[in-house]
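Visitor: Could you have a look at this structure, given as structure tokens, before my questions?
Readers should treat all values here as calculations from the given coordinates under stated rules, not as data from a laboratory. Since this is a predicted model, take the numbers as computed values, not measurements. All Cβ positions, glycine included, derive from the backbone under ideal geometry; neighbour counts span all protein chains shown.
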Amino acid sequence: METTIWTFNLNVPFATWAAIYDSEDVAKMHEAVGIKSIFRGISKDDPSKICAIQQAPIGVAQKIFEDNKEMIRSSGHIIESTVIRAYSDH
């Protein structure tokens, strides 16, 4: 299992992005590949900065990200600002 910590900026309000991230369609896509969303939140210091934490089989979260960049971009996520940190339990 792998825990992935994503930080990135938005070009829309957090509530707009969160509504898409929390939507049934995204939940179904995540569930289908074994991604569990642990946390998603906004920086206390910068309302455009987001942190999302997910757990999934190794490599799955990053593959979904790579395969769906245009859909992710359309949610207000600034792809170029993304920093990915992945941690394994072994």
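Visitor: For TRP6, what is the net charge nearby, where nearby means another residue's Cβ is under 12 Å from its Cβ and Lys, Arg count +1, Asp, Glu -1? Could you put the intermediate results ahead of the total?
Guide: Values: positive: ARG40, LYS49, ARG85; negative: none.
Overall, the nearby charge balance is +3.
Visitor: Determine the sum of side-chain charges near ILE78: Lys and Arg each +1, Asp and Glu each -1, restricted to other residues whose C-beta is under 12 angstrom from that of ILE78.
Guide: Details: positive: LYS49, LYS69, ARG73; negative: GLU80.
Taking every other residue near ILE78 into account, the sum is +2.
Visitor: If you don't mind, there's one more thing I want to ask. Can you tally the lysine pairs in the range 2-84 where the Cα-Cα distance is under 20 Å and the two residues are eight or more apart, or on different chains?
Guide: Close lysine pairs found across the range 2-84: 6.
Visitor: Any idea what angle helix 24-33 forms with the longest principal axis of the chain, computed on alpha-carbon atoms, 0 to 90 degrees, nearest 10?
Guide: 30
Visitor: How much net charge surrounds ILE42 when only other residues with a Cβ under 14 Å from its Cβ are counted (Lys, Arg +1; Asp, Glu -1)?
Guide: 0
Visitor: Mind checking the dipole of the range 2-84: about its Cα centre, +1 per Lys or Arg Cβ, -1 per Asp or Glu Cβ, Debye to the nearest 20?
Guide: 120
Visitor: Any idea which of ILE38, SER75, VAL60 is furthest toward the positive side of the dipole for the chain, if Lys and Arg beta-carbons carry +1 and Asp and Glu beta-carbons -1?
Guide: Highest projection toward the positive end goes to ILE38.
Visitor: Remind me, relative contact order of the chain in percent, using alpha carbon pairs under 8 angstrom and six or more residues apart?
Guide: It comes to 49 percent, rounded to a whole number.
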